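One structure is given below, encoded as structure tokens.
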Amino acid sequence: MGMIDIHTHILYGVDDGAKTLSDSMEPLDEEREQGVDTVIMTPHYGPKFGYPDKEIIMEHFEEISKKAEKYYPEIELYLGSELYYQESTISDLDSGKALTMNGTRYVLVEFGVNDPYTYIYRAIQSFGYAGYIPIIAHAERYEAVFCHINRIEELVSLGAYIQINAESLIGGIFDKRSSFCKKLTKEGLIHFLGSDCHDFRNRRPNMKKAAEVVLKKNAQQILETNPRNMLEGKSI
């Protein structure tokens, strides 16, 4: 089974992730070694890390793609973004300033760690009203939903999908975040897994270890089927 990593910051020179082309290549080599055959590059977009120019993003993506095709032909590369939600996010999507996931209606959305639940709830509603399909990035980080399975269920019922970071699944039995993520997985409330890797030194890819934790009955759905359908703009 080839895994799909839907959340990475290895598009160099646009956010707090990879800084050089070499920084972009090293994580791809690691992803390949771990059994990942599809990587979505999702640079930050929003007040936290800035608003990268779309032309620069495309230029860097094409450069990485050409080099990856030569050295890692088995890996497919796609482009998206991680949107730090604010009131202007949807208008930026509508105007094309901000990128959806591979040009589909799916969007990877980040919130502030301490954002209130009502804020997150209304944001998910707003995406739905605007015709976008929100994927909540690393949902386990937000205080408003951490250890509140009922709130995760409510957001899913609104039309959101849930992505967790690979590192959050790897902790032991006394790791509260890991325990919460494992419980969500058992309840069928996890739709995507992402490494959220930044480069080879600070935050490396770790999909293989996390994949070993995912329940076998859900593994293919989370690691391959859902991401593939998302990339193709299909229903999940």
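The values are calculated or read from the model by the stated rules, or taken from the named source; none is laboratory data. Here the structure is a predicted model, which is why all the values come from computation and not from measurement. Cβ coordinates were reconstructed from backbone atoms using ideal geometry, including for glycine residues, and neighbour counts include every protein chain displayed. For accessibility, only protein heavy atoms count, side chains too; no ligands or nucleic acids. Shrake-Rupley method; radii C 1.70, N 1.55, O 1.52, S 1.80 Å.
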Conditions (1) in contact (Cβ under 8 Å) with a residue 40 or more places away in the chain; (2) in contact with a Gly (Cβ under 8 Å, 6 or more places away or on another chain); number of the one not met by THR100: (1)
With respect to LEU11, determine if the residue is closer than 13 Å to ILE75 by Cα, more than 11 Å from the chain's Cα centre (by Cα) and not acidic (Asp, Glu). no
LEU169 vs. criteria surrounded by 18 or more Cβ atoms within 10 Å (Cβ to Cβ) and closer than 24 Å to ASN206 by Cα: yes
With segment 177-236 as the region, which helices (runs of 4 or more DSSP H) entirely inside it contain at least 3 residues that are modelled with pLDDT under 95? 207-213, 216-220
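Residue-wise test of (1) open to solvent by 70 Å² or more (accessible area, probe 1.4 Å); (2) touching a Ser or Thr at 6+ places or on another chain (Cβ under 8 Å); (3) touching a residue at least 12 places away in the same chain (Cβ under 8 Å).
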position	(1), (2), (3)
THR42	no, yes, yes
TYR51	yes, no, yes
GLU63	yes, no, yes
ALA68	no, no, yes
PRO73	yes, no, no
GLN86	no, no, yes
LEU108	no, yes, yes
SER126	no, no, yes
Specify the residue that is farthest from the chain's Cα centre (by Cα); the eligible residues are those in segment 93-106 that are surrounded by fewer than 21 Cβ atoms within 10 Å (Cβ to Cβ) and within 15 Å of TYR129 (Cα to Cα). ASP94
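A quick yes/no check of all residues on (1) modelled with pLDDT of 95 or more; (2) within 17 Å of SER235 (Cβ to Cβ); (3) not in a loop (DSSP other than H, G, I, E, B):
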residue	(1), (2), (3)
ASN102	yes, yes, no
LEU108	yes, no, yes
ILE124	yes, no, yes
GLY131	yes, yes, no
PRO134	yes, yes, yes
GLU140	yes, no, yes
ALA144	yes, no, no
VAL156	yes, yes, yes
